[in-house]
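Trainee: Quick one: the structure is below, questions incoming.
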Amino acid sequence: MPILYIETNFLMSIALGRDAEAGSLLLNPPASVEIAIPEVCCMESLSAFEGEQKRRFRFSNEINQQISQLRRDLTSASAGTLLSYLEPSKAENIELINEIKKRLFLALDSIAINATTIPLNPEIIRATLSSNLALKEPTDNLIFQTILSHAITRPTEVKILLTGNIKDFTQPIAKEALQNAGINLYFSRTSNFIGWLESQSE
């Protein structure tokens, strides 16, 4: 059975609505595929949501400040028109925060039901600390080492990496490590993976 490795970018693409097929794949995964994700990605996605939430709240505060200024202009028709746009946008911004949270929580619930979660262990932590991989972020390296550790234990399966971080995860030194672990297929979008999967049954 092929193993599809996903990571934080996959979860956030669902939460932020950037990959229409990703949520459906996680909610109703093909029976012929095992989905696997490092446990640390669940925590990282919640932290990423907190960052997005803070940005949205800052935007709400900016809207409130602009509304306050516009209400003081008693003569400009343009100010009145702009005010009529900004006031509803405040409510829409809050609704968007709620939508992002709902999509992320549904994705995490689907992970709990439909995916294999890969735990950290001392070997993975040591490999991360000693790794010379030139990934930009330490967290990316931890996720990368977790995927490698799991892939090595499943030598006979076809293994695929689905990540929006394809540039970092498939740079030459990282690509070599993936290939050594038996991960030879990479996709940056769920639709591309689905297309490949459907082609296998033709």
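Residue by residue, here is whether (1) more than 16 Å from L135 (Cβ to Cβ); (2) within 21 Å of the chain's Cα centre (by Cα); (3) of a type in the set (D, E) holds:
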residue: T153; (1), (2), (3): yes, no, no
residue: T156; (1), (2), (3): yes, no, no
residue: K159; (1), (2), (3): yes, yes, no
residue: L162; (1), (2), (3): yes, yes, no
residue: T170; (1), (2), (3): no, yes, no
residue: A174; (1), (2), (3): no, yes, no
residue: I183; (1), (2), (3): no, yes, no
residue: Y186; (1), (2), (3): no, yes, no
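Trainee: Residues to consider are N141, N132, N114; find the one that is out of contact with any Ser or Thr (no Cβ under 6 Å at 6 or more places or on another chain) and within 27 Å of Q171 (Cβ to Cβ).
Mentor: On the way: N141 fails: out of contact with any Ser or Thr (no Cβ under 6 Å at 6 or more places or on another chain); N114 fails: within 27 Å of Q171 (Cβ to Cβ).
Going through N141, N132, N114 in turn, just one is out of contact with any Ser or Thr (no Cβ under 6 Å at 6 or more places or on another chain) and within 27 Å of Q171 (Cβ to Cβ): N132.
Trainee: I'd like to check something: does segment 141-157 contain any residue that is closer than 18 Å to E7 by Cα, open to solvent by 60 Å² or more (accessible area, probe 1.4 Å), of a type outside the set (V, I, T) and at pLDDT below 90?
Mentor: no
Trainee: Is it true that L161 is without any contact (Cβ under 8 Å) to a residue 40 or more places away in the chain, open to solvent by less than 50 Å² (accessible area, probe 1.4 Å), closer than 15 Å to E7 by Cβ and not β-branched (V, I, T)?
Mentor: no
Trainee: When L135 is evaluated against the numbered criteria (1) modelled with pLDDT under 85; (2) in contact with a His (Cβ under 6 Å, 6 or more places away or on another chain), which criterion, by number, is the only one it fails?
Mentor: Tallying (1) modelled with pLDDT under 85; (2) in contact with a His (Cβ under 6 Å, 6 or more places away or on another chain), L135 fails exactly one: (2).
Trainee: Of the residues in segment 26-52, how many are open to solvent by 10 Å² or more (accessible area, probe 1.4 Å), at pLDDT 90 or above and assigned to a helix (DSSP H, G or I)?
Mentor: Number of matching residues: 12.
Trainee: In segment 164-188, what residues are under 16 Å from R18 (Cβ atoms) and modelled with pLDDT of 90 or more?
Mentor: If the condition is that a residue be under 16 Å from R18 (Cβ atoms) and modelled with pLDDT of 90 or more, then F187 is the only one that fits.
Trainee: Of all residues in segment 70-101, which are part of a loop (DSSP other than H, G, I, E, B), open to solvent by 80 Å² or more (accessible area, probe 1.4 Å) and farther than 25 Å from F57 by Cβ?
Mentor: L74, T75, listed by residue number.
Trainee: Please find, within segment 1-25, the residue that is nearest to I97 (Cα to Cα) out of those that are of a type in the set (D, E) and part of a loop (DSSP other than H, G, I, E, B).
Mentor: The selected residue is D19.
The values are calculated or read from the model by the stated rules, or taken from the named source; none is laboratory data. Quick caveat, the model's predicted, so the values are computed rather than measured. Positions of Cβ are backbone-derived with ideal geometry, glycine not excepted, and every protein chain shown enters the neighbour counts. Accessible surface is based on the protein model in full, side chains and every heavy atom, while ligands, DNA and RNA are left aside. Shrake-Rupley method; radii C 1.70, N 1.55, O 1.52, S 1.80 Å.
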